[in-house]
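Structure record follows, encoded as structure tokens.
Please treat every number below as a calculation from the coordinates, not as lab data. Please read all numbers here as calculations on a predicted model, not as lab measurements. Ideal geometry is used to build each Cβ from the backbone, glycine not excepted, and the neighbour counts take in all protein chains shown.
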Amino acid sequence: MENYRYTVIIEPDEEGGYSASCPALEGCVSQGDTYDEALENIREAIAAYIESLKKHNEPIPGDVDVKVQSVQVAA
């Protein structure tokens, strides 16, 4: 079993709970009622995504370089 490391984004949902995504794996998203649950769920989603790629003999992408920046906007 190989280990992979991916950047994930976890954000609060407007309706409550948290949404989680993995930018390196297109469409790999999950959610949870708490931050920790969303983190665990996206970890499981990533593992399932990678297993599917392996099953179909597709390449496994590396992580992407995500920059987080705050900007000021006048409106």
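A few comments on the model shown:
- Of all stretches in the chain that contain no GluC sites (Glu not before Pro) in a DSSP loop with at most 11 other Cβ atoms within 10 Å, the longest one is 27-75.
- Per-residue ³J(HN,Hα) for the range 57-73, Karplus 6.51 cos²θ - 1.76 cosθ + 1.60, θ = phi - 60°, Hz, x for Gly and Pro: 6, 9, x, 9, x, x, 5, 10, 8, 9, 9, 10, 9, 8, 10, 9, 10
- Calculated over the chain: convex hull of Cα atoms, volume per residue (Å³): 123
- Distance between the pseudo-spin-label points of Glu15 and Ala48 (7 Å out from Cα toward the beta carbon): 1.8 nm.
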